[in-house]
Amino acid sequence: MKVVDGDTIHLDGEKIRFSGIDAPEISQTCNLEESIVECGVHSKEILINKIANKPIECIAEGKDRYNRILAECFVENISLSDFLVREGYAFAYRQYSKKFIPAEEEARASKKGMWSMQFIFPWDFRKLN
C-alpha cells in the first residue's frame, strides 16, 4: 500500500481515488498568518498516520476519467474520506457527491486544518497550475 496524496492510494496494484472528496495537491501551499504551510504534504501525512499499516477496506463505486478506481475506503470501520474532511485537509467534492458536506461544515465551523488558513480549493488550484 502506498499513499500518493490526501485522496489517492495504491492498494494491491490498483490506483484508488477517494470518491466524494478533494484533497489539496502535493505541491499546494496555504498561508497561516505570516507562514507558508505545505497543505498538500500535510494532507498526505495525516492520511499515512491514520492508516498506520492497518488493513484498508474499500468499496468501489466505479472508475474516473484517469481509469482510477473511485472508492470509499475504511480503516477500522472509519471512513478515510470523512476523517480527512473532518480534519480540514480535504473538502466535500460537491460536484460529485453531497455525502461529506456535513463533515466539511463541521471542520469549517471549528476552523480545523485548512479552514484556519488562507487557501485555494484544490479544484481551483489545478485550474491555475
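Quick note: the coordinates plus some simple rules give every number you see, no bench work behind them. Here the structure is a predicted model, which means the values were calculated and not measured. As a convention, Cβ positions derive from the backbone with ideal geometry for all residues, glycine included, and neighbour counts pool all protein chains shown.
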Quiz prompt | GluC sites (Glu not before Pro) within the range 73-129, DSSP loop, no more than 13 other Cβ atoms inside 10 Å | solution = Glu76
Self-check item: Candidates Ala109, Ala71, Ala92: whichever shows maximal mean-square fluctuation once the chain is modelled as a Gaussian network with Cα springs under 10 Å
Solution: Ala109
Practice problem: Would you mind putting 48-54, 111-117 in packing order, based on average other-beta-carbon counts within 10 Å, highest first? | Solution: 111-117, 48-54
Quiz item: Using the Karplus equation 6.51 cos²θ - 1.76 cosθ + 1.60 (θ = phi - 60°), what ³J(HN,Hα) coupling, rounded to whole Hz, does each residue of the range 27-40 give in order, writing x for Gly and Pro?
Solution: 7, 7, 10, 10, 10, 10, 6, 9, 9, 9, 10, 7, 4, x
Quiz prompt | Net charge dipole size for the chain [Lys, Arg +1 and Asp, Glu -1 on Cβ; Debye, nearest 20] | solution = 300
Quiz item: Residue-wise, which Karplus ³J(HN,Hα) couplings in Hz belong to the range 73-87, taking 6.51 cos²θ - 1.76 cosθ + 1.60, θ = phi - 60°, and x for glycine or proline?
Solution: 10, 10, 10, 6, 6, 9, 5, 5, 5, 4, 4, 5, 5, 4, 7
